[in-house]
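Trainee: The structure is given below, and queries will be raised subsequently.
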Number of protein chains: 2
Amino acid sequence: MGLKSFLDVHPDSHFPLENLPYGVFKPEPSCSARPGVAIGNYVLDLSVVSSAGLFDGPALKNSDCFNQPNLNKFLELGRPAWKEARSTLQKLLSATEPTLRDNATLRAKALVPMDKVQMLLPIAIGDYTDFFSSMYHARNCGIMFRGPENAINPNWFHLPIAYHGRASSIVISGTDIIRPRGQGHPSGNSPPYFGPSRKLDFELEMAAVVGPGNELGKPIDVNEAADHIFGVVLMNDWSARDIQAWEYVPLGPFLGKSFGTTISPWIVTLDALEPFSCEAPKQEPPSLPYLAEKTSRNYDINLEVSIRPAGQGDSHVVTKSNFKHLYWTITQQLAHHTINGCNLRPGDLLGTGTISGPEPDSLGCLLELSWNGTKSVTLGGTSRKFLEDGDEVIFSGFCKGNGYIVGFGSCSGKILPSLP
Amino acid sequence: MGLKSFLDVHPDSHFPLENLPYGVFKPEPSCSARPGVAIGNYVLDLSVVSSAGLFDGPALKNSDCFNQPNLNKFLELGRPAWKEARSTLQKLLSATEPTLRDNATLRAKALVPMDKVQMLLPIAIGDYTDFFSSMYHARNCGIMFRGPENAINPNWFHLPIAYHGRASSIVISGTDIIRPRGQGHPSGNSPPYFGPSRKLDFELEMAAVVGPGNELGKPIDVNEAADHIFGVVLMNDWSARDIQAWEYVPLGPFLGKSFGTTISPWIVTLDALEPFSCEAPKQEPPSLPYLAEKTSRNYDINLEVSIRPAGQGDSHVVTKSNFKHLYWTITQQLAHHTINGCNLRPGDLLGTGTISGPEPDSLGCLLELSWNGTKSVTLGGTSRKFLEDGDEVIFSGFCKGNGYIVGFGSCSGKILPSLP
Ligand SMILES: [Ca+2]
Ligand SMILES: [Ca+2]
Ligand SMILES: [Mg+2]
Ligand SMILES: [Mg+2]
Ligand code: NI
């Protein structure tokens, strides 16, 4: 059974007292952006809670971190401040605590119905990195493009492969995505074609949000990496497969990815995910010492992708996967990222890479589901090989607790036609 | 013959009245950072000039863009503001203008000896992109790693290849670089080794600084791209070749680059470079229409790399190249970058890629100069295949005018040993 709030939280809600994910919102379009946490069908305005003097612990008492247009300042404070905020808020929202429950004026100011708010990017993202940490995804892509003998490149099992992504084009769930134009891979020896992408895809990912960073030249130990991760969001790394295929040798993906990346508005903290941690896959060959964790943990997070085809009212599930399928953990990703001395900053985003599972119905992108367009994916009465204009792609994610759910809400985006 | 300032500017100075490059500096360690321009052996403090009301044109009169810790706000204003600032400053510093010349108090406040100031990163860099636009560099790398038959990948002649770089680890000239640790490419089938990079290299590059950006989804036309570029700096894209070689398939360079990238403190404007523009190389096959420029221009900028070997007082020139060797122009790079809708922001940095020329003594990195460590590069009484701890690498760049020089100053960094 779950914790009890004075607010009515439905057992199917993604946002019970056990969760308390952080976001940034505007209560009204004319208001300034401010941090909030989700609770049931409400957003608790942390600028109001802070101004009322209710963050009274040592880390937060004199901080203005909740009077900011993003969470970066709170992230920088680190786990002691995060724990303090969580315990303050769990108490404040509990059924037995009168402070907010019995103060109608404060409640009216502090609790905003979720369907009234506008959600914004919760963080200012300095750098965005995308990993490639699902073995199933790596293998499938390898089989498609290089054949089954050399499906996975030898480096893959030794290090969490990654590339730098584009930070400027990260958008919040609900933002439309304009179909990119670009050069597409020619068949055979014909010249490249130019025009709207013909192979527009989603990629089912999650992303870790960096808390305290590190100085340039000072790597973070893998066993301390968790203290540098605030939480996790859903992420759709939209991908134009034809543009990507033509451009990516030898320097990696560029315009095939940089036209847009969507994240969910609510950052679910590692503290809220802790009850859902599970053993990570055994790594063979064993990692080098700098990647060897005392305990190597994943999280059991159910992931689901639906598509609402252009012109239809209903969406249809196209795949179900799980965060626990990742081969490289997010703490290994972070430690690897800094081993050369690279500095991370609060609010940096580390994407997991496409999370495919072992089953045919757990593949994390249309490239895999349609096997590079060689077969169709059924969607109610219609079908797709890649995304069409007007299609809406909706990710959701949740952990199943005993009598409650710790959820991520959704991460969605609709495809608009290319510019003429 | 050059323009004449009331300040004594030596004919060999990089910073005559024709140049006026922009940087950010602290006059004293305890002062706040502010914008300045270089003139002879002085830095002109633009916050002082602005506070004195001397920017009196329509674009700058009511702007606080020079009371900022970086140039981003000025960059955002675009070419009309840049032209206005240039003409105001050229007049203010000229031999015949009394306003500053005859006001000893204002001169004492506004002009700081260059050897007294601390230079800082001139811009807040949201995203950093590195291109691969020298055909000579691309061909040499290709020959080394794939042989002469397929030296340059077919996509290279159709689009300016690029990857996203790491913005957080961009540092200002003079910052020490700690030798990165990481996984190095094994020989044959042996497992990867781990430790300090054994193949630490420089890359001779320049980088364009973006002015006004574009909205997500709205590409910039190649013939308007120059209005989105404020100016150019020298850039050393330090590279750990062993780390890069092991990690880069299939997603491109990552930790082999992200441990540090050094830029020069002075941004030389496109307006100052205009007299040195020259025809860009003919492109064959012809570009797709979105990359076809009405006039395709490069700049005649002499580039030089010296190394001061560990423990020695003197530096030795190891290569001389020129910006004009680039195959893809910076305006083509920018137009390509946005063709998929990707948004640029003021202060974004677009590296050219290593600028190698056609001659053996014009190669832009040790990888090429030592042909991947198969021969030695002589340095006075010693020699190098790759960089050693204590080596200092110094780039310089200049355009030769009639009786004056438009220069970039230098871009330097010294290698410190790896962490134990
Ligand atoms: Ca991805
Ligand atoms: Ca480079
Ligand atoms: Mg993307
Ligand atoms: Mg670099
Ligand atoms: Ni890359």
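The values are calculated or read from the model by the stated rules, or taken from the named source; none is laboratory data. Just so you know, these numbers come straight off a predicted model, no measurement behind them. Neighbour counts run over all protein chains shown; Cβ positions are idealised from the backbone, glycine included. Heads up: the accessible areas ignore ligands, DNA and RNA and are worked out on the full protein's heavy atoms, side chains in. Shrake-Rupley method; radii C 1.70, N 1.55, O 1.52, S 1.80 Å.
Trainee: Against the empirical 2.2 N^0.38 Å scaling, what ratio does the C-alpha Rg of the range B:249-300 come to?
Mentor: Cα-based Rg divided by the globular estimate yields 1.70.
Trainee: Roll a 1.4 Å probe over the protein chains and send me the accessible area per residue for chain A in Å². Could the numbers behind the result be given before it?
Mentor: Numbers: 15440 Å² over 420 residues.
Accessible area per residue: 37 Å².
Trainee: Please find, in a Gaussian network model of chain B (springs between Cα atoms separated by less than 10 Å), the residue of B:Cys31, B:Cys365, B:Cys141 whose mean-square fluctuation is greatest.
Mentor: Highest fluctuation among the options: B:Cys31.
Trainee: Summed for both chains, how many Å² of accessible area, to the nearest 100, are buried between A and B with a 1.4 Å probe?
Mentor: For A against B, buried area totals roughly 5300 Å².
Trainee: Next up: Put +1 on the Cβ of every Lys and Arg and -1 on every Asp and Glu Cβ in the protein assembly as shown; which of B:Leu17, B:Cys411, A:His14 then has its Cα farthest towards the positive end of the dipole?
Mentor: B:Leu17
Trainee: Another one. What figure, in Å² to the nearest 10, do you get for the accessible area of A:Met114 with a 1.4 Å probe and non-protein molecules left out?
Mentor: Result for A:Met114: roughly 50 Å² accessible.
Trainee: Could you report the accessible area of A:His316 in Å², rounded to 10, computed with a 1.4 Å probe on the protein chains as they sit in the structure?
Mentor: 40
Trainee: What residues of the range A:211-246 lose no less than 30 Å² of accessible area with every protein chain in place versus their chain by itself (probe 1.4 Å, heavy atoms only)?
Mentor: A:Leu216, A:Gly217, A:Trp246
Trainee: May I ask you to find the residues of the range A:329-364 that are shielded by at least 20 Å² of accessible area once the whole protein assembly is considered instead of their isolated chain (probe 1.4 Å)?
Mentor: SASA drop of 20 Å² or more in the range A:329-364: A:His336, A:His337, A:Ile339, A:Asn340, A:Cys342, A:Asn343, A:Arg345.
Trainee: Amide H neighbours of B:Met206 under 5 Å, counting only residues 5+ apart in sequence or on other chains, H built in-plane at 1.01 Å?
Mentor: Here the answer is B:Met235, B:Thr352, B:Gly353, since their amide H atoms fall under 5 Å of that of B:Met206.
Trainee: Additional query: When the Karplus curve 6.51 cos²θ - 1.76 cosθ + 1.60 is applied with θ = phi - 60°, which whole-Hz ³J(HN,Hα) does each residue of the range B:121-135 get, with x for Gly and Pro?
Mentor: Each residue of the range B:121-135 in turn: 4, x, 9, 8, 9, x, 9, 10, 10, 10, 8, 8, 9, 8, 5 Hz.
Trainee: Taking Rh as the Kirkwood radius, which is the inverse of the mean 1/r over Cα pairs, what is the Rg/Rh value for the range B:110-229? If you can, show how the numbers build up before the last one.
Mentor: Details: Rg = 19.5 Å, Rh = 18.8 Å.
Checking Rg against Rh, the ratio lands at 1.04.
Trainee: Also, I was wondering about something else. Using θ = phi - 60° and the Karplus relation 6.51 cos²θ - 1.76 cosθ + 1.60, list the HN-Hα couplings for the range A:65-74 in order, rounded to whole Hz, with x at every Gly or Pro.
Mentor: So the J values, rounded to whole Hz, are 5, 9, 10, 9, x, 8, 8, 4, 5, 5.
Trainee: Using only the heavy atoms of the protein chains and a 1.4 Å probe, how would B:Val317, B:Val209 rank by accessible area, largest first? Working shown, then result.
Mentor: Values: B:Val317 75, B:Val209 0 Å².
Putting B:Val317, B:Val209 in descending order of accessible area: B:Val317, B:Val209.
Trainee: What is the projected area of the convex hull of the Cα atoms of the protein assembly as shown, averaged over all directions, in nm²?
Mentor: Quarter of the Cα hull surface area: 36.6 nm².
Trainee: Just the projected area, averaged over all directions, of the convex hull on the alpha carbon atoms of the range B:22-120: how many nm²?
Mentor: Over all viewing directions, the range B:22-120 projects a mean Cα-hull area of 5.9 nm².
Trainee: Using amide H atoms built in the peptide plane, which far-off residues or other-chain residues are under 5 Å from B:Val318 H to H?
Mentor: B:Val305, B:Ser306, B:Ile307
Trainee: Roll a 1.4 angstrom probe over the protein heavy atoms and tell me the percent of accessible area of the range B:128-416 that is carbon or sulfur.
Mentor: Answer for the range B:128-416: carbon and sulfur cover 49 percent of the accessible area.
Trainee: Which one of A:Ile152, A:Ser133, A:Met119 is farthest out on the positive end of the charge dipole of the range A:112-189, using unit charges on Cβ (Lys, Arg +1; Asp, Glu -1) and the Cα centre as origin?
Mentor: Checking the options against the dipole of the range A:112-189, the answer is A:Ile152.
Trainee: Okay, helix-only estimate at 222 nm for chain B: each DSSP H run of n ≥ 4 adds -39500 (n - 2.57), divide by all residues, round to 500 deg cm²/dmol; what do you get?
Mentor: So the helix-based figure for chain B works out to -4500 deg cm²/dmol.
Trainee: Provide the per-residue ³J(HN,Hα) series for the range A:15-29, in order, calculated from phi with Karplus coefficients 6.51, -1.76, 1.60 and θ = phi - 60°, each as a whole number of Hz, with x at glycine and proline positions.
Mentor: So the J values, rounded to whole Hz, are 10, x, 4, 6, 9, 6, x, 9, x, 10, 8, 10, x, 9, x.
Trainee: Can you give the convex hull volume of the alpha carbon atoms of the range A:7-53 per residue, in Å³?
Mentor: 85
Trainee: Would chain A count as rounded, prolate or oblate if I go by the C-alpha gyration tensor, calling it rounded below 1.5 in a/c and otherwise prolate when a/b exceeds b/c, oblate otherwise?
Mentor: Because a/c hits 1.5 or more and a/b exceeds b/c, chain A counts as prolate.
Trainee: Between the range B:151-197 and the range B:282-313, how far is it from one alpha carbon centroid to the other, in angstrom?
Mentor: 20
Trainee: What are the nm distances, shortest first, from A:Pro69 to its equivalents in the other copies, labels at 7 Å along Cα→Cβ?
Mentor: 1.7
Trainee: A further question on this structure: Hey, can you list the residues from the range B:164-179 whose accessible area shrinks by 50 Å² or more with all protein chains present, relative to the chain by itself (probe 1.4 Å, no ligands or nucleic acids)?
Mentor: The answer is B:His164, B:Arg166, B:Ser168 - residues whose exposure falls by at least 50 Å² when every protein chain is included.
Trainee: To the nearest 10 Å², what's B:Arg146's accessible area with a 1.4 Å probe?
Mentor: About 110 Å², ignoring ligands and nucleic acids.
Trainee: What residue among B:Pro148, B:Pro180, B:Pro285 has the largest mean-square fluctuation in a Gaussian network model of chain B, using Cα springs under 10 Å?
Mentor: Residue with maximal mean-square fluctuation among B:Pro148, B:Pro180, B:Pro285: B:Pro285.
Trainee: Let me ask something else about it. Roughly what angle does helix B:79-92 make with the longest principal axis of chain B, taking Cα atoms, 0 to 90 degrees, to the nearest 10?
Mentor: 60
Trainee: At a threshold of 8 angstrom on Cα-Cα distance, excluding pairs fewer than six apart, so keeping six or more, what relative contact order does the range B:22-120 reach in percent?
Mentor: Details: 135 pairs, mean separation 37.7, N = 99.
Relative contact order here is 38 percent.
Trainee: Are any of the pairs A:Lys257/B:Lys218; A:Lys4/A:Lys61; A:Lys26/A:Lys400; A:Lys218/A:Lys324; A:Lys26/A:Lys83 more than 18 Å apart by Cα-Cα distance, and if so, which? Don't skip to the answer; put the middle values down first.
Mentor: Details: A:Lys257/B:Lys218 16 Å; A:Lys4/A:Lys61 26 Å; A:Lys26/A:Lys400 30 Å; A:Lys218/A:Lys324 29 Å; A:Lys26/A:Lys83 25 Å.
A:Lys4/A:Lys61; A:Lys26/A:Lys400; A:Lys218/A:Lys324; A:Lys26/A:Lys83, as the Cα separations exceed 18 Å there.
Trainee: Cα gyration tensor of the range B:66-110, axes a ≥ b ≥ c as square roots of the eigenvalues: rounded (a/c below 1.5), prolate (a/b > b/c) or oblate?
Mentor: oblate
Trainee: Taking amide H positions as placed in the peptide plane 1.01 Å from N, state which residues far from A:Val24 in sequence (5 or more) or on other chains have amide H under 5 Å from it.
Mentor: Residues meeting the amide H criterion: A:Gly36, A:Leu120.
Trainee: Same structure again: Taking only Cα atoms and a 10 Å spring cutoff, compute GNM fluctuations for chain A and point out the largest among A:Ser376, A:Ser296, A:Ser264.
Mentor: A:Ser376
Trainee: Also, quick follow-up: Could you identify the residue of B sitting closest to the B-A rotation axis by Cβ and state that distance rounded to whole angstrom?
Mentor: B:Gly252, 1
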